[in-house]
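Working notes for the structure below.
The values are calculated or read from the model by the stated rules, or taken from the named source; none is laboratory data. Note that the coordinates shown come from a computational prediction; the quantities given were computed from them, not determined experimentally. Note: ideal-geometry Cβ built from the backbone for every residue, glycine included; neighbour counts use all protein chains shown.
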């Protein structure tokens, strides 16, 4: 379900793009991420997006800022915001399209997760949409490699009485650290089994819970 705040913030982003980014030829594409992509934005949510530039230029748009559409001015997020003024907070990740289009450049898994689930707000030529589709496809090879690694290490950390042995021989701190490692591999296995890129750590639990709420017709998902 998409919140009304999400729809409004998507329109706000589109308005900002039309006014300030579309006229800049270096702006190739903008992908909404976070709450405006998931549909769960609140009225106080900022507007997160990834901006692809070619050629890359830090100065075309700031990264995190407040925008006042009335006079089209940009302000620090740390500056006071007058209550009576309509303003919008943006958080942009600015990426070099030439680098990200290079086949030898490895995309971080967290960024793959964002882009695969992102809301494409602007794509000047259409090539960024195709690039994202190609690079974020969760292949059988990726799935197998991640599952193999996760299951192997889970077995090593949890088999037989391993946790108890480590507790007795190495103490609670080391034993806890090993259990944390086992948890990391369990999470890796859950995402890999479900053919989902693992998001950034601060969004991981939300994504794990979302896996358990999928419709019943997704019968191959692991229930959590």
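Restricting region 38-52 to residues that are in contact (Cβ under 8 Å) with a residue 40 or more places away in the chain and out of contact with any helix residue (DSSP H, G or I) (no Cβ under 6 Å at 6 or more places or on another chain), which is surrounded by the most Cβ atoms within 10 Å (Cβ to Cβ)? Among residues in region 38-52 that are in contact (Cβ under 8 Å) with a residue 40 or more places away in the chain and out of contact with any helix residue (DSSP H, G or I) (no Cβ under 6 Å at 6 or more places or on another chain), the one surrounded by the most Cβ atoms within 10 Å (Cβ to Cβ) is 49. Tell me which residues, restricted to region 45-60, are part of a strand (DSSP E or B) and either farther than 15 Å from residue 15 by Cβ or at pLDDT below 95 (or both). The answer is 48, 50, 51, 52, 53. Sub-6 Å Cβ pairs linking a first residue in region 193-206 that is touching a residue at least 24 places away in the same chain (Cβ under 8 Å) to a second residue that is assigned to a loop (DSSP other than H, G, I, E, B) and exposed (fewer than 13 other Cβ atoms within 10 Å of the Cβ), at least 6 apart or interchain, are 193/222, ordered by first then second residue. The single condition from (1) more than 20 Å from residue 107 (Cβ to Cβ); (2) in a strand (DSSP E or B); (3) over 17 Å from the mean Cα position of the chain (by Cα) that residue 17 fails is (2). Say whether the condition of being within 30 Å of residue 19 (Cβ to Cβ), in a loop (DSSP other than H, G, I, E, B) and not assigned by TED's automatic domain parsing to the domain that holds residue 35 is met by at least one residue in region 181-200. Looking through region 181-200, at least one residue is within 30 Å of residue 19 (Cβ to Cβ), in a loop (DSSP other than H, G, I, E, B) and not assigned by TED's automatic domain parsing to the domain that holds residue 35.
Evaluation of residue 19 against the conditions (1) farther than 26 Å from residue 133 by Cβ; (2) surrounded by 15 or more Cβ atoms within 10 Å (Cβ to Cβ) shows that the sole unmet condition is (2). When we screen 129, 145 for residues that are surrounded by 12 or more Cβ atoms within 10 Å (Cβ to Cβ) and in contact (Cβ under 8 Å) with a residue 12 or more places away in the chain, the only hit is 129. Entry remark, region 61-106: residues being under 30 Å from residue 133 (Cβ atoms), touching a helix residue (DSSP H, G or I) at 6+ places or on another chain (Cβ under 8 Å) and in a loop (DSSP other than H, G, I, E, B) number 2 in total.
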